[in-house]
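Working notes for the structure below.
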Amino acid sequence: IYEKYKRTLHVNCKRMLRLINNVVDISKIETGILKGKFDYYNLIAIVEDVTLSVVNYAKLKSINIQFDTNEEEEVVLFDPDIIERILLNLLSNAVKFNKAGGNIYVNVDIKKEKIIISVEDEGMGIAEDKIDYIFKRFEQVQNNKKIERQGSGIGLYLVKSLIDLHGGTIEVKSKVDKGSKFTVSIPKKEAKDSEQTIIYDDNRYKRGKVEFSDI
């Protein structure tokens, strides 16, 4: 009983930490304090690494994650910390609302003037009349079968706010009981020969533990 209580307390503490982090970041964005730290990084490597870092969480629900890209390397201007937050949020939702044994597809498509990152699942989906509301603060999609998995309603609002900092957009296509596909598009600004690529090596795996606290 003690071990079960201890684990529940530990999980709830992580959930609370995630909520606090999200609220703080939203406040920073809205007040102009958080503006992003942009530099030139290999976007493909970072998206792939963040995706691979959540594979073990997906396995807890027998969910398979597949990563694909049309380029092996693409050095562009962005904030890796922001991209990580966006991906972890979308991936945690894809795992949380997916079906057991389902798949998650993460794809990076490099275009001439923009970069498209998509996260697609095979889960519960979102009703068409609810899609316009999911990026608003404190909005939740109600579903009686999945009520235990509902969050705070600010995760996707934060995602959109972070994408706005990149001058990008996010779209979603979804069908109830079929799944959802979130597509992020950000402008592509390549590094010049005189500009140095930065190797990103941070503790993103620790952040994943917080983002996936309720999986």
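Just so it is clear, none of the values below were taken in a lab; they were calculated from the coordinates. None of these values were measured; they are calculated from a predicted model. Glycine gets a Cβ as well: all are built from the backbone with ideal geometry, and neighbour counts include every protein chain shown.
Among the listed pairs LYS28/LYS175; LYS35/LYS59; LYS96/LYS188; LYS96/LYS173, which are separated by more than 27 Å between their Cα atoms?
LYS28/LYS175; LYS35/LYS59; LYS96/LYS188
Using Cα centres only, tell me the gap between the stretch 43-73 and the stretch 80-132 in whole Å.
11
Explain nothing, just the number: dipole magnitude of the stretch 54-121 about its Cα centre with +1 on each Lys and Arg Cβ and -1 on each Asp and Glu Cβ, in debye rounded to the nearest 20.
That gives a dipole near 520 debye.
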